[in-house]
Structures are given as C-alpha cells and as structure tokens.
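Q: Here you go, one structure.
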Amino acid sequence: MQRSDPPGGAVFIELPARLENLQAFIAPVLAVARALPLGEERCSNLELALEESLVNICNYAYPDRDGTVRISSRPEQDRLIVGIEDNGIAFSLVEAAVPDLSVDLPDRKIGGLGVHLVRSLMDEVRYRREADRNLLELVLFFHDAEVST
C-alpha cells in the first residue's frame, strides 16, 4: 500500500483494484472532505460516487489481469477534486450513454444507472485517457456547511 498525506489536506493512495480495498480508498478522502465546507449530505454523495466508480473499476477494468487504482484528492480555493486513475480498459464515464429512465424497469437496458448516479451527485465529472490510463476527476464545489439548529 502506498499512501501519503501531502500538505494542505491532499491524499494519494495506490492499491490493488480489489473490492476489499474500498474502505482504504474511500476513508482518507472522506476525512479530507469532512474537514472542508461541504456539509454532510455532500460528503455522503461523494462517498457514494467514489464507491460506485471504484466498484466498476474493480469489477470491469481488469478482466484478464490484476491492476491497481490510484486515488488522489486535493482541496483548491473553492472546490475539492478527487482523482481516480487506473490503466484498465478504456471507459469514459463522461461519454457513457445516459440511461432512459422513462422505460419500465423490465424493459430497460441493463447498465448505466451507476454512471447516471455519479454524474448527478457531483458538481463536475471529468475524464480523459492519457498514456493508456483512465483519469477520472470528481469535483465538488464548496458551499457553506449546513448549520445544525
């Protein structure tokens, strides 16, 4: 396991792309997110988007070999950017077809709901393929944290 906590609340983790590593990827990112002005609901949205993205990588990116996933997070002036990087099969979450939610469930094409979920939970989702690597960025802009009364 590689892990470093650079200054400024950033996180970098690289581990094998295995489901048993989900919490090792997600927990440090959420610790950073919860220290920022995001509010608990948006942190929960981030957790769900991360889990969905990572499960897809673990299940589909490496069909015939083992692989790794790199997670990074970096707070910037007005946002948190979480990077997810793998060298598995090319897949653009940004360009994937949006599922037709108007079709009855038994008639609906399988797949795509997780992609729709991630895109709807994040403020921005960016993807690029670079040097045989999938580079996904999940972005949440800071908002005033919800105040409990």
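The numbers here are math on the coordinates, done by the rules we state, and not lab data. Note that the coordinates shown come from a computational prediction; the quantities given were computed from them, not determined experimentally. Every residue, glycine among them, receives a Cβ derived from its backbone with ideal geometry; neighbour counts consider all protein chains shown.
Q: Once amide H atoms are placed 1.01 Å from N in the peptide plane, what residues at a sequence separation of 5 or more from residue 134, or on another chain, have their amide H within under 5 Å of its amide H?
A: Correct list: 86, 87, 88.
Q: If each residue's Cβ is checked for other Cβ atoms within 10 Å, how do 143, 116 rank with the fewest at the top? Intermediate values should be presented prior to the final figure.
A: Numbers: 143 12, 116 16.
The fewest-first ordering by Cβ neighbours comes to 143, 116.
Q: Exposure proxy check: 72, 53, 120 ranked by fewest other beta carbons within 10 Å?
A: Working: 72 18, 53 25, 120 11.
Going from sparsest to densest Cβ surroundings: 120, 72, 53.
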